[in-house]
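Visitor: Could you have a look at this structure, given as structure tokens, before my questions?
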Amino acid sequence: MEEINNIEVTPCTESDYLKPLRVHYNQNGTKKSWDFMRTHDSVSVLIFNTSSHCFVLVKQFRPAVYMCEWERTKTQPPKSAEKTEEGASESAATAPESPEGQSAPEGESSSQWPPASAGVTYELCAGLVDKPDLSLEEIARQEVLEECGYDVPASKLKRITSYRSGVGVTGAKQTMFYAEVSDDNCVSAGGGEPKEGELIEVVKVPLHEAMTFAYDERIPKTMGVIFSFIWFHNNMSPKYKISTNV
């Protein structure tokens, strides 16, 4: 179980990954402006283990998702219930203590923070395109090795497609690949690079449960997971003659 505490939200004026900018322009004679972020392009990889017939995903805590959940929960009206003096005393006695040093934005009570699980998402193995001397395939290969522990030659990566992500905020391009692996390719437990602050859990989704997983709104996941599972069903599942539960 993830544990998150000592939360503090501050303005971000310097970042190695995001550069906030404002563009001014004329569109059909109308003056307009738009705020956006300049950031790196990225790669993602749909990994299918042919030994166990399952997809290999990563699961990690995403601060942006967590803060969106916090914003959503703090705007919900409080539960209206009249408490007796006894009930009020009991509630006060059982209320969880705030983590020491935890700072809530705008004077909000720290006890209102949602559990850390609210910021955990299921995703494809992915990474930034920030190494100009490497091809997209080589970057994708490194991410598969670091995050999921599979050593796959770059030549074995199949390019699915590329698309724009975050079109209202970043407009960055992501290129998606497909990689077939086996248990023989597994050389480590994965988990990302600790020296880069990564804390990644490798998870497996059985092929026959894939589409149920993709459409289950209770499971927080990226659009890349949903799209790639649909792509696999349309293009690869006949090869394995196993229902993807569509």
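The values are calculated or read from the model by the stated rules, or taken from the named source; none is laboratory data. Just so we're clear, the structure is a prediction, and the values are computed from it rather than from any experiment. Note: ideal-geometry Cβ built from the backbone for every residue, glycine included; neighbour counts use all protein chains shown. In case anyone asks, the SASA skips ligands and DNA or RNA and just uses the protein heavy atoms, side chains included. Shrake-Rupley method; radii C 1.70, N 1.55, O 1.52, S 1.80 Å.
Visitor: Any residue in the range 3-11 that is open to solvent by less than 30 Å² (accessible area, probe 1.4 Å) and part of a strand (DSSP E or B)?
Guide: At the first step, the residues of the range 3-11 found to be open to solvent by less than 30 Å² (accessible area, probe 1.4 Å) are 7.
Okay, now just the ones that are also part of a strand (DSSP E or B), so none.
Scanning the range 3-11, I find no residue that is open to solvent by less than 30 Å² (accessible area, probe 1.4 Å) and part of a strand (DSSP E or B), so the answer is no.
Visitor: Among LYS204, LYS221, which is the only one that is open to solvent by 50 Å² or more (accessible area, probe 1.4 Å) and either under 18 Å from the mean Cα position of the chain (by Cα) or among the small types (Gly, Ala, Ser) (or both)? Full working, then the answer.
Guide: Values: LYS221 fails: open to solvent by 50 Å² or more (accessible area, probe 1.4 Å).
When all the criteria are applied, what remains is LYS204.
Visitor: Anything in the range 132-165 that is among the small types (Gly, Ala, Ser) and in contact (Cβ under 8 Å) with a residue 24 or more places away in the chain? List them, or say none. Step through it out loud before you land on a result.
Guide: Our first condition is that a residue be among the small types (Gly, Ala, Ser); within the range 132-165, this holds for 135, 140, 149, 154-155, 162, 165.
Residues satisfying the conditions are ALA140, GLY149, SER165.
Visitor: Which of (1) open to solvent by less than 50 Å² (accessible area, probe 1.4 Å); (2) in contact (Cβ under 8 Å) with a residue 60 or more places away in the chain; (3) outside any loop (DSSP other than H, G, I, E, B); (4) closer than 23 Å to PRO63 by Cα is the odd one out, the single condition ALA214 does not satisfy?
Guide: Exception for ALA214: condition (2).
Visitor: If you don't mind, there's one more thing I want to ask. Answer yes if at least one residue in the range 163-185 is touching an Asp or Glu at 6+ places or on another chain (Cβ under 8 Å), surrounded by fewer than 14 Cβ atoms within 10 Å (Cβ to Cβ) and either assigned to a loop (DSSP other than H, G, I, E, B) or at pLDDT 95 or above (or both), and no otherwise.
Guide: no
Visitor: Where in the range 30-147 are there helices (runs of 4 or more DSSP H), lying fully within it, with 1 or more residues that are modelled with pLDDT of 85 or more and open to solvent by 50 Å² or more (accessible area, probe 1.4 Å)? Steps first, answer last, please.
Guide: Values: elements: 63-74, 85-94, 136-143.
It comes to 63-74, 136-143.
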